[in-house]
Amino acid sequence: MSTTTEFQVTGMTCGHCEMSVREEVSEVAGVTEIAVSSKTGKLSVTHEAPIDDAAIIAAVDEAGYAAVRG
């Protein structure tokens, strides 16, 4: 059973920003699908098993942006 968790990301302005976030978040274990929009600042992460919000936030930070669950 898949679960989707949403995050609000600040600092993204373009498709390259989205790609950077997608690449980093895809490395988090358990993530099966990622939807990210620089227009809305929304990041939706679909996962099979429970994931640690901190791992997603750290991945977004690694891409150079800030995220909060929401």
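Each value in this text was obtained by applying a stated rule to the coordinates, not by laboratory testing. Keep in mind that this is a model prediction, so the values were computed, not measured. Cβ sites come from the backbone with ideal geometry, for glycine too, and all protein chains shown count toward neighbours.
Taking the Cα centre of the chain as origin and charging only Cβ (+1 Lys, Arg; -1 Asp, Glu), how large is the dipole, in debye to the nearest 20?
Using only the charged Cβ atoms, the result is roughly 320 debye.
Below 8 Å between Cα atoms, with a sequence gap of 6+, how large is the relative contact order for the chain in percent?
This gives 44 percent for the chain.
What ranking do R22, R69 get, fewest neighbouring Cβ atoms within 10 angstrom at the top?
Arranged by neighbour count, lowest to highest, R22, R69 become R69, R22.
What is the list of residues in the stretch 28-42 whose amide nitrogen lies under 17 Å from a point 7 angstrom out from the Cα of H16, following Cα to Cβ?
38-39
Percent of Cα-Cα pairs more than 20 Å apart in the chain, please.
Summing the P(r) tail past 20 Å for the chain gives 14 percent.
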